[in-house]
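J.: Submitted below is the structure of interest, expressed as structure tokens.
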Amino acid sequence: MAQVAMVMNLDKCIGCHTCSVTCKQAWTNRQGTEYVWFNNVETLPGQGYPRRWEDQEKWKGGWERTRSGKLRLKAGGRLAKLGKIFANPDLPEIDDYYQPWTYEYKNLTEAPAGDDMPTARPVSQLTGEPIDKIEWGPNWDDNLGGAPTHAPQDPIIEKIRDEVGEKIRFEFEQSFMFYLPRICEHCLNPACVSSCPSGAMYKREEDGIVLVDQDQCRGWRMCVTGCPYKKVYFNHQTGKAEKCTFCFPRIEVGMPTVCSETCVGRMRYLGVMLYDADKVTEAAAVEDEHDLYPSQVECFLDPADPAVIAAARAAGITDEWLDAARNSPVYDLIATYQVALPLHPEYRTMPMVWYVPPLSPVVEAVAATGSDGEDAGNLFGAIESLRIPVEYLAEVLTAGDTVPVEAVLRRMAAMRAYMRRVNLGEERDESIARAVGLSGQEMEDMFRLLAIAKIEDRFVIPSAARAEAEALADSHPLNDTDQGCPVSALPEPRVMLNLGDTRRRS
């Protein structure tokens, strides 16, 4: 099977939220989705959006392994869903997301001349009523804002607090942080698809994108609970589920997603991954959570292997897709250089949006001591001694296993030290590359991909998709009209049954 996947280099994310704004304007800037952000950028440590979404003991998202070695939904099977189909207690409330608001701008633009300054009060976009006090937003704790109050409630901080004790501090001069852009993971083993009672959610065979059939959806909202990343939302206007579409209309014509193309830091990579679909269930059901990351990597196939090429052709994968897979930057970062890691593999959904962990917290900590933050020896020592960033990153990316995170950070540190010598005109030190299991040429290739890659190197999407789409558009009788956004022509809002107050009570 083939899937279009994404990798994000967190060291290059500047937290500008351009990806969030452009995604919002393209997909969820309409009635019913006021609180919805298919793409959002979180500051970690922090609670995230919705609040404490990583607390699966509360939200029951993802899969869990039974004693017999099989997988089952953490939220329960068919009988459990039937028992709460009209009142699901495991749903985030609007306050867990935020109360979307606007302002009474007419008070400013239409105010008569006078001695008093007019004001624009905040107004709820859901009820239209004035809001006395805005208390939360989709990035309320951005840049560690209010960290002494909010960050200790981060589920990961709560989990590792006993291990690192008083080392965790949120005073400005002693803190560390990084940005985490999040979209739907378009998993290989999506829990949201298996959670849907009406079969409205599906994973496309041709590119692996997970979508919602708006005609089939009945608004049960079990998919919201089932998704451990909380990237499925309920449109209160249409009564149906919506989620990140991976900008499939753009992917189909060979264009990158909106969030990728507008990313200021150029930290996103798109490419094709080939994988063995028969291994997915077995890989997701390994007993030790620390084995989930390597087991998923083993599912990926080498696109240059003649046996893989022959099997892919027999499965109907075209040569254009195979060419894209061979040139995939995503495959290089995940399998060749092994510097990308999955987000929360312990959820057992086999996510397909991976992350290069940030080295910046370690570099900044070394530089703060007056030492050379680019020296390989200093960085290697800091990676071993600075347990808080490493252990936190491990909880986010490798189910708590620090060994893969340390290996990635060492490779990133070695790349910095090696390329500094190259850029200063000094003799190449191959021992730096060998220390992390790479050659000097591989180190330079990885540097070019992570630091200075052009758009055609970062986004390798099958060109055949563009040709097929253009041919289809040319043959369509309405090809000269603007069809607009594919989710803008939604059906009329449903008449919702009055079931009383069924919200979860704390």
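The numbers here are math on the coordinates, done by the rules we state, and not lab data. Note that the structure is a prediction, hence the values are computed from the model and not measured. Here the Cβ is made from the backbone with ideal geometry for all residues, glycine too, and neighbour counts use every protein chain on show.
J.: With each pseudo-label sitting 7 Å past Cα toward Cβ, what's the ALA315-GLU456 distance in nm, one decimal?
T.: Between ALA315 and GLU456, the label points sit 2.9 nm apart.
J.: Within segment 136-158, name every residue whose backbone N is under 20 Å away from a label modeled 7 Å from Cα of TYR103 along the Cβ vector.
T.: 136-142
J.: Ok, one more. Of the lysine pairs in segment 218-355, how many meet both conditions: Cα atoms under 21 Å apart, and a spacing of 8 or more in sequence or different chains?
T.: Details: LYS230/LYS240; LYS230/LYS243; LYS231/LYS240; LYS231/LYS243.
Total qualifying Lys-Lys pairs in segment 218-355 comes to 4.
J.: In a Debye calculation with equal point scatterers on the alpha-carbon sites of segment 1-93 and no solvent, what is log10 I(q)/I(0) at q = 0.19, 0.20, 0.22 Å⁻¹?
T.: Values returned for q = 0.19, 0.20, 0.22 Å⁻¹ are -1.16, -1.17, -1.19.
J.: Rank-order 308-317, 214-223 by packing density, defined as the average count of other C-beta atoms within 10 Å over each peptide's residues, highest first.
T.: Values: 308-317: 14.5, 214-223: 18.8.
Peptide ranking by packing, descending: 214-223, 308-317.
J.: Okay, moving on. Through the Karplus equation 6.51 cos²θ - 1.76 cosθ + 1.60, θ set to phi - 60°, convert the phi angles of segment 200-213 into ³J(HN,Hα) values in whole Hz; use x for Gly and Pro.
T.: Whole-Hz 3J(HN,Hα) from phi for segment 200-213: 7, 8, 8, 10, 5, 6, 6, 9, x, 6, 8, 10, 10, 7.
J.: Okay, next question. Roughly how many nanometres apart are two label points built 7 Å out from the Cα toward the Cβ at GLN153 and ARG65?
T.: According to this spin-label approximation, the distance is 3.3 nm.
J.: Near the amide H of LEU341, under 5 Å away, which other amide H atoms are found, from residues 5 or more places off or on another chain, if H is placed in the peptide plane?
T.: Under 5 Å from the amide H of LEU341: TYR355, VAL356.
J.: Sorted by average packing, counted as other Cβ atoms within 10 angstrom per residue and highest first, what order do 11-20, 448-457 take?
T.: On the way: 11-20: 18.9, 448-457: 13.7.
Listed from highest to lowest mean packing, they are 11-20, 448-457.
J.: How far is it, in nm, from the label point at ASN29 to the one at MET117 when both lie 7 Å from their Cα along the line to the Cβ?
T.: Roughly 2.9 nm, to one decimal.
J.: Return the FRET efficiency for the residue pair GLU287, ILE85: r is the Cβ-Cβ distance, R0 is 41 Å, and the value is rounded to the nearest 0.05. Show your work: numbers first, answer last.
T.: Details: r = 32 Å, r/R0 = 0.78.
The computed FRET efficiency comes out at 0.80.
J.: Highest mean first, how do 349-358, 411-420 rank when packing is the count of other Cβ atoms within 10 Å averaged over residues? Before the final figure, lay out each step's value.
T.: Numbers: 349-358: 24.9, 411-420: 22.4.
So the order, starting with the most tightly packed, is 349-358, 411-420.
J.: Right, another one. Going by amide H atoms built from the backbone, whose H comes under 5 Å of the H on ALA399, apart from near neighbours?
T.: Counting only residues 5 or more places away or on other chains, the set is HIS344, GLU346.
J.: Separate question: Give me the number: length gained by fully extending VAL297 to SER124, i.e. 0.36 nm times residue separation minus the C-alpha to C-alpha distance, one decimal in nm.
T.: Details: separation 173, 0.36 × 173 = 62.28 nm, distance 4.53 nm.
Difference between extended and current length: 57.7 nm.
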